[in-house]
1. Largest first and to the nearest Å, give the Cα extent of region 10-149 along each principal axis.
2. Can you give the helix-only mean residue ellipticity at 222 nm for the chain, where every DSSP H stretch with n ≥ 4 adds -39500 (n - 2.57) and the sum goes over all residues, rounded to the nearest 500 deg cm²/dmol?
3. Given labels modelled 7 Å from the Cα in the Cβ direction, how far is it in nm from residue 32 to residue 54?
4. Report, in whole Å, the centroid distance computed from the Cα atoms of region 37-63 and region 82-134.
5. Can you give me the P(r) profile for region 96-142? Cα pairs, bins 10 angstrom wide beginning at 0, each as a whole percent.
6. Assuming R0 = 35 Å, can you tell me the calculated FRET efficiency for the pair residue 142 and residue 79, based on Cβ-Cβ distance, to the nearest 0.05?
7. Give the Debye-formula value of log10 I(q)/I(0) at each listed q (0.19 Å⁻¹), with one equal scatterer per alpha carbon of region 1-76, two decimals each.
8. Angle between the Cα long axis of helix 53-62 and the longest principal axis of the chain, 0 to 90 degrees, nearest 10?
């Protein structure tokens, strides 16, 4: 039995850790699996004659997580800034008049259209987050933090 510790990116909650543990446990040749959510790591003992590191990494990727070094670099900061700007504009459009901010007089149709555009852009900028949650839910038949949020 060979011992191995793998860092995994994308674990956001203990449910994620359980999903990873259950998926790896199903592989033929696994002796022991422990997933630590706090450190983002997977400790396992496996029979290297039946199972390779590539097989384990493939299984982790298939359920929606990334073994260390394989996560695509995303510009999350830019996405956060863009989504925040559209969120602020949406709050202003929907609540500005009620909280006493200076507000131009728009017809209800134009105001509704501007709110729709802002909401659509927020969802578009964050689409990877929502898509990943849906993929994990469908693939694992279990909810995690991406699905619940």
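Since every read-out is calculated from the coordinates, none of them should be taken as a lab result. Since this is a predicted model, take the numbers as computed values, not measurements. Ideal geometry is used to build each Cβ from the backbone, glycine not excepted, and the neighbour counts take in all protein chains shown.
1. Extents along the principal axes: 72, 26, 22 Å.
2. For the chain, the value works out to -16500 deg cm²/dmol.
3. 2.8 nm
4. One Cα centre to the other: 42 Å.
5. 22, 30, 23, 17, 9
6. Computed FRET efficiency for residue 142 and residue 79: 0.85.
7. Each listed q corresponds, in turn, to -0.72.
8. 30 degrees
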